[in-house]
Amino acid sequence: MPGPIDYSLMKVDPDPDTREWWAATKEKKLLVRQCSQCGHKFFPPYPACPGCTAMDLGWFETSGKGVIYSYNVAVHPILAPFIGTVPYVTAVIELPDCSNPDGSLTRIVGILMDDEDAVAIGLPVEVVFEESTEAEYVMPRWRISGTAENTWKFQG
Ligand SMILES: [Zn+2]
């Protein structure tokens, strides 16, 4: 299992695009941006829709369930809060309840709580809201939530 993230070394300073998102994590809700014009769902929350450039945006509350679309393993900490965390898995997670007008599914990036040995493309995951006494925010993390018939992983 990856080591803990040192939240005492991580400062989060929400801006107008992320303020509501961080507030929602405290209520254990995972949001993605949703365009009010075309319905496209995306994250991170850019100030304009990447699908149609509209700036009339809202939020969509996801179920917090996804599928690993891709992943990599961080073995060298780039930021100080992760010195004791490595090695850990960062995954691109596809959200089945976030379908878009073009038929695509929204994908977001998340840090898994599982070891690399347990991770494979195609496995289901669920969000976990990690609270810390050293942080004023709640960090969404992800963990494997089941099995799947068709998975794939690199066998190095
Ligand atoms: Zn749009």
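Every number here is computed from the coordinates shown, using simple stated rules; none is lab data. Since this is a predicted model, take the numbers as computed values, not measurements. Please note: Cβ atoms are built from the backbone with ideal geometry, for glycine as well, and neighbour counts cover all protein chains shown.
With a 10 Å Cβ neighbour count serving as the proxy for reagent exposure, in which order, fewest first, do E149, E136 appear?
If I rank by nearby Cβ atoms, fewest first, I get E149, E136.
Report the extension gain between V109 and S145 in nm, rounded to one decimal, defined as 0.36 nm multiplied by the number of residues separating them, less their alpha carbon distance.
11.3 nm
Applying the Karplus parametrisation 6.51 cos²θ - 1.76 cosθ + 1.60 with θ = phi - 60° to the phi angles of the stretch 137-149, what ³J(HN,Hα) value in whole Hz is obtained for each residue in order, glycine and proline being reported as x?
Result, rounded to whole Hz: 10, 10, 9, x, 10, 9, 9, 5, 10, x, 10, 8, 6.
Which percent, to the nearest 5, of DSSP beta bridges fully inside the stretch 15-144 are antiparallel?
95 percent
Just want to confirm a number: the relative contact order over the stretch 15-144, from Cα pairs under 8 angstrom separated by 6+ residues, in percent.
It comes to 22 percent, rounded to a whole number.
What's the FRET efficiency of S36 with T133 using the Cβ-Cβ distance as r and R₀ = 41 Å, to the nearest 0.05?
Here the calculated transfer efficiency is 0.60.
Going Cα to Cα from K65, which lysines come in below 19 Å? Please leave out same-chain ones fewer than 8 positions away.
The reachable lysines, counting only those whose Cα sits under 19 Å from K65, are K26, K28, K29, K41.
What residue among G39, G66, G84 shows peak mean-square fluctuation when the chain is described by a Gaussian network model with Cα springs under 10 Å?
G84
Farthest toward the dipole's positive end in the chain, which of Y69, Y137, P2, given Cβ charges of +1 (Lys, Arg) and -1 (Asp, Glu) about the Cα centre?
Toward the positive end, the furthest listed residue is Y69.
Taking the Cβ-Cβ separation of K26 and H76 as r and a Förster radius of 41 Å, what is the calculated FRET efficiency to the nearest 0.05?
0.85
Net charge around V75, counting only other residues with Cβ within less than 15 Å of its Cβ (Lys, Arg = +1; Asp, Glu = -1)?
-3
Quick one: among V127, V73, V138, which has the greatest mean-square fluctuation in a GNM of the chain with alpha-carbon springs under 10 angstrom?
V73
What percent of all Cα-Cα pairs in the stretch 1-88 falls into each 10 Å bin, going from 0 up to the bin containing the maximum distance?
15, 31, 38, 15, 1
Expressed in nm², what is the orientationally averaged projection area of the convex hull enclosing the Cα positions of the chain?
If I average the Cα hull's projected area over directions, I get 9.8 nm².
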